[in-house]
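Inspection log for the structure reproduced underneath, given as structure tokens.
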Amino acid sequence: MEYEYDFSKLRGKIKEICETEENWGSKMGFSGYSKSAKLNNRFCFKTDEIVKCCEILGIQQEEIGMYFFTLKNK
């Protein structure tokens, strides 16, 4: 079974801290395609990417689930 995650809270945090997804993607070291693919459930975030993203956006360890593992309602 494949899961689809809701990244709306993550997108909001990206806008709040980095202003644009492009700025965030650059800080993460993602290409434009990779950034888009991850935020649109085509590629999964790797563990080290989640850690780096949390450092950039100031996401606390106990908030990781809310930003990265909230399932989309189908």
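The values are calculated or read from the model by the stated rules, or taken from the named source; none is laboratory data. Source: prediction; values computed, not measured. Cβ atoms come from the backbone with ideal geometry, glycine included; neighbour counts cover every protein chain shown. Accessible surface areas use protein heavy atoms only, side chains included; no ligands, DNA or RNA. Shrake-Rupley method; radii C 1.70, N 1.55, O 1.52, S 1.80 Å.
State all residues of the stretch 16-51 that are of a type in the set (Lys, Arg) and either touching a residue at least 12 places away in the same chain (Cβ under 8 Å) or open to solvent by less than 40 Å² (accessible area, probe 1.4 Å) (or both); if no residue qualifies, say none. Can you show your working first?
Taking the stretch 16-51 as the starting set, the residues that turn out to be of a type in the set (Lys, Arg) are 27, 35, 38, 42, 46.
Answer for the stretch 16-51, where residues must be of a type in the set (Lys, Arg) and either touching a residue at least 12 places away in the same chain (Cβ under 8 Å) or open to solvent by less than 40 Å² (accessible area, probe 1.4 Å) (or both): Lys27, Lys35, Lys38.
Quick check on the stretch 1-8. Is at least one of its residues open to solvent by 80 Å² or more (accessible area, probe 1.4 Å) and not in a loop (DSSP other than H, G, I, E, B)?
Just the residues of the stretch 1-8 that are open to solvent by 80 Å² or more (accessible area, probe 1.4 Å), to begin with: 1-3.
Cutting the leftovers down to not in a loop (DSSP other than H, G, I, E, B) gives us none.
Checking the stretch 1-8: not a single residue is open to solvent by 80 Å² or more (accessible area, probe 1.4 Å) and not in a loop (DSSP other than H, G, I, E, B).
Name the residue that is nearest to the chain's Cα centre (by Cα), counting only residues in the stretch 48-74 that are over 15 Å from Ser8 (Cα atoms) and of a type in the set (Asp, Glu).
Among them, the one singled out is Glu49.
Can you name the residue in the stretch 52-74 that is assigned to a helix (DSSP H, G or I) and open to solvent by 100 Å² or more (accessible area, probe 1.4 Å) and is also farthest from Tyr5 (Cα to Cα) among such residues? Full working, then the answer.
First pass over the stretch 52-74, keeping only residues assigned to a helix (DSSP H, G or I): 52-57, 61-68.
Filter once more, keeping what is open to solvent by 100 Å² or more (accessible area, probe 1.4 Å): 55, 61-62.
Details: Glu55: 21, Gln61: 18, Glu62: 18 Å.
If we take residues in the stretch 52-74 being assigned to a helix (DSSP H, G or I) and open to solvent by 100 Å² or more (accessible area, probe 1.4 Å), then Glu55 is farthest from Tyr5 (Cα to Cα).
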